[in-house]
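Asker: Before I ask anything, here is the structure I am working with.
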Amino acid sequence: MSEQSAKPYLVRAICEWCADNGLTPYLAVKVNAQTRVPAAFVKNGEIVLNISNSATRRLTVDNDWVRFSARFSGASQEVAVPMNAVSGIFAKETGYGFSFTIAQDPVAALTAATAPQEQDIDAALEKDVKDAKEAKEGGKGKPRPSHLQVIK
């Protein structure tokens with residue numbers, strides 16, 4: 001049997017703590033394909049939502065979803081955020097709360113982690129040009145043999 005995530009429990013706890021202390025709970029969300037939020041308010045793939053009782057109707061925070069109805073620019077909209085898209089919960093007034101890591105698609109994460117960065121490519125090209133120039137001039141730019149050994 002797999003262990004349940006503590007994230008939904010922490011989100012509910014901070015919401016309750018904010019309500020008890022007269023603070024405003026804000027939910028930070030990394031928008032993905034399952035997230036239902038007003039697109040006009042999404043910036044850089046993220047949105048921050050006021051989930052206080054005065055800003056929402058029918059707020060439910062279960063183990064899989066945060067759902068509520070809220071007004072955006074005067075128009076009522078239904079919001080549904082999968083728990084795996086929640087990147088943080090905090091009190092607006094104090095900043096106290098929790099941030100969470102967002103699990104990425106394994107293939108996308110591997111591609112991003114192993115793809116060479118543009119600056120790395122530029123640095124490698126500059127080094128190759130410098131090494132070639134030094135080798136041509138007979139300087140110290142000659143490649144050294146590897147110091148690694150195969151051990152069986």
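The values are calculated or read from the model by the stated rules, or taken from the named source; none is laboratory data. Since the model is a prediction, treat every value here as computed from it, not as a measurement. Reconstructed Cβ throughout: ideal geometry from the backbone, glycine too, with neighbour counts over all protein chains shown.
Asker: May I ask you to list the residues in the stretch 53-70 that are touching a residue at least 12 places away in the same chain (Cβ under 8 Å) and basic (K, R)?
Answerer: R57, R67, listed by residue number.
Asker: Is it the case that the stretch 105-127 has a residue that's modelled with pLDDT of 70 or more and closer than 30 Å to L23 by Cβ? Let's see the steps before the verdict.
Answerer: Taking the stretch 105-127 as the starting set, the residues that turn out to be modelled with pLDDT of 70 or more are 126-127.
Among the residues that remain, those that are also closer than 30 Å to L23 by Cβ are: none.
Within the stretch 105-127 (the criterion being modelled with pLDDT of 70 or more and closer than 30 Å to L23 by Cβ), the answer is no, since none of the residues qualifies.
Asker: If you go through the stretch 22-52, how many residues are touching a residue at least 60 places away in the same chain (Cβ under 8 Å) and either outside the structural domain of G97 (by TED's automatic domain parsing) or not hydroxyl-bearing (S, T, Y) (or both)?
Answerer: Of all residues in the stretch 22-52, those touching a residue at least 60 places away in the same chain (Cβ under 8 Å) come to 23-28, 30.
Adding the requirement that they be either outside the structural domain of G97 (by TED's automatic domain parsing) or not hydroxyl-bearing (S, T, Y) (or both) leaves 23, 25, 27-28, 30.
So the answer is 5.
Asker: Restrict the check to the stretch 59-67 and report whether at least one residue is closer than 15 Å to K7 by Cα, part of a strand (DSSP E or B), in contact with a Lys or Arg (Cβ under 6 Å, 6 or more places away or on another chain) and among the β-branched types (V, I, T).
Answerer: Taking every residue of the stretch 59-67 in turn, at least one turns out to be closer than 15 Å to K7 by Cα, part of a strand (DSSP E or B), in contact with a Lys or Arg (Cβ under 6 Å, 6 or more places away or on another chain) and among the β-branched types (V, I, T).
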